[in-house]
1. Length gain on complete extension for the stretch residue 92 to residue 6, per 0.36 nm per residue less the alpha carbon to alpha carbon distance?
2. Between residue 92 and residues 5 or more places away or on another chain, which pairs have amide H atoms under 5 Å apart, with H built 1.01 Å from N, and which residues are they?
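Since every read-out is calculated from the coordinates, none of them should be taken as a lab result. In this text, all values refer to a predicted model and were calculated from it rather than measured experimentally.
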Amino acid sequence: MEKNYEKYIQKLTEEKKLLEEEMQSLGRKNPSNPKDWEPVPSVMDASVSDKNEMADLMEDFEEVTATQSELEKRLNEVDAAILRTKNNGYGICSVCGKEIEEKRLDANAAATTCMEHL
Ligand SMILES: [Zn+2]
């Protein structure tokens with residue numbers, strides 16, 4: 001029986017848009033590799049001479065970098081899921097090959113495994 005994955009495709013597309021917006025607000029795309037995002041180096045202002053201030057900025061920078069890499073990871077998952085909807089691999093557990101439960105997909109539309117193989 002063919003499941004209707006339309007709502008998940010819509011969810012994934014919306015999430016992708018949100019993730020990209022969020023990433024854009026945090027950093028910029030690497031012009032030579034649009035898949036690779038880097039934090040804006042504006043916090044690395046060389047005119048900052050105060051050591052404490054510099055440490056604060058470094059902390060901010062690291063935080064942004066960490067958030068950035070999490071967003072990037074999630075975006076890759078969402079992208080991969082969207083790709084699967086196009087080649088009929090969507091909603092299939094990557095471990096056992098069975099259909100992923102709907103409530104699992106409701107919680108995470110980019111899920112690659114069933115509840116059993118979480
Ligand atoms: Zn499974």
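1. Contour length minus Cα-Cα distance gives 29.4 nm.
2. 100
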